[in-house]
Amino acid sequence: MSDINVLSLIPQRAPIIMIDALEYVDEKTTISTFTVKESSIFSNSGYLSESGVLENIAQTGAAGFGYSAINENKPVSLGFIASIKNITIHSLPPIGATIKTEVITLEPVLGFNIIKGKVILNDTIITTCEMRIFIKP
């Protein structure tokens, strides 16, 4: 999957890009990687901030939705985070670290796509949450 240009799958553009590559995508699961850069607008005091970690989860989900859209010959849609719940942040990834993010897509509810995300650093889960995402038709 390393040959896939993630920018073709997500609506975000620099300086807000929070994923570098996709490792895996199927109808329910999307896995991405991201190396934390000091130049990131979400970097703070040597770490990726809480909002950066959550944006990374959202963009991983968006990449999965974008991948599905392209495979169905549809345009990549714009999505918006409607809510975030059950957030647990055990630690933040330092500058230079590479995180792996896994998003599981659940069944949609009332027009919202529901994802569960987890961020992994060195084989340890450092963040988990659930998001409801509205995708613009």
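Residues that are over 17 Å from Lys136 (Cα atoms) and either modelled with pLDDT of 95 or more or not in a helix (DSSP H, G or I) (or both): does region 68-78 have at least one? Write out each step before concluding.
As a first pass, look at region 68-78 and keep what is over 17 Å from Lys136 (Cα atoms): 71.
Those left that are additionally either modelled with pLDDT of 95 or more or not in a helix (DSSP H, G or I) (or both): none.
Within region 68-78, none of the residues are over 17 Å from Lys136 (Cα atoms) and either modelled with pLDDT of 95 or more or not in a helix (DSSP H, G or I) (or both).
Could you list, in sequence order, all residues of region 117-133 that are assigned to a strand (DSSP E or B) and open to solvent by 30 Å² or more (accessible area, probe 1.4 Å)?
So the first thing to find is which residues in region 117-133 are assigned to a strand (DSSP E or B), and the list is 117-121, 124-133.
Lys118, Ile120, Thr124, Ile125, Thr128, Arg132 - these are the residues of region 117-133 that are assigned to a strand (DSSP E or B) and open to solvent by 30 Å² or more (accessible area, probe 1.4 Å).
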Would you confirm, using the coordinates I've provided, whether Ser32 is of a type outside the set (Phe, Trp, Tyr), farther than 19 Å from Phe134 by Cα and assigned to a loop (DSSP other than H, G, I, E, B)? no
Residue pairs within 7 Å by beta carbon, gap of at least six or interchain, first lying in region 1-23 and outside any loop (DSSP other than H, G, I, E, B), second surrounded by fewer than 13 Cβ atoms within 10 Å (Cβ to Cβ), listed first then second, are Ala21/Ser2; Leu22/Met1; Glu23/Met1
Exception for Ile70 within (1) under 16 Å from Glu130 (Cβ atoms); (2) touching a residue at least 60 places away in the same chain (Cβ under 8 Å); (3) open to solvent by 50 Å² or more (accessible area, probe 1.4 Å); (4) not acidic (Asp, Glu) falls at (1)
Within region 12-29, residues being acidic (Asp, Glu), over 11 Å from the mean Cα position of the chain (by Cα) and within 16 Å of Ile57 (Cβ to Cβ) number 1
I need the full set of residues from region 79-116 which are charged (D, E, K, R) and either in contact (Cβ under 8 Å) with a residue 40 or more places away in the chain or assigned to a strand (DSSP E or B) (or both), in order please. Lys85, Lys100, Glu102, Lys116
With the condition kept exactly as written, say whether any residue in region 39-49 is open to solvent by 50 Å² or more (accessible area, probe 1.4 Å), in contact with a Leu (Cβ under 8 Å, 6 or more places away or on another chain) and not in a strand (DSSP E or B). no
Are any residues in region 74-97 of a type outside the set (A, V, I, L, M), open to solvent by 70 Å² or more (accessible area, probe 1.4 Å) and within 15 Å of the chain's Cα centre (by Cα), and if so, which ones? Phe80
Can Val53 be described as assigned to a strand (DSSP E or B), aliphatic (A, V, I, L, M) and open to solvent by less than 20 Å² (accessible area, probe 1.4 Å)? no
Breaking point among (1) touching a strand residue (DSSP E or B) at 6+ places or on another chain (Cβ under 8 Å); (2) of a type in the set (Val, Ile, Thr); (3) more than 17 Å from Ile19 (Cβ to Cβ); (4) open to solvent by 20 Å² or more (accessible area, probe 1.4 Å), for Ile114: (4)
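The values are calculated or read from the model by the stated rules, or taken from the named source; none is laboratory data. Because the structure is a prediction, the values reported are computed rather than measured. Methodologically, a virtual Cβ is constructed for each residue, glycine included, from the backbone with ideal geometry; neighbour enumeration extends over all protein chains shown. Note: areas computed on protein heavy atoms with side chains; ligands, DNA, RNA excluded. Shrake-Rupley method; radii C 1.70, N 1.55, O 1.52, S 1.80 Å.
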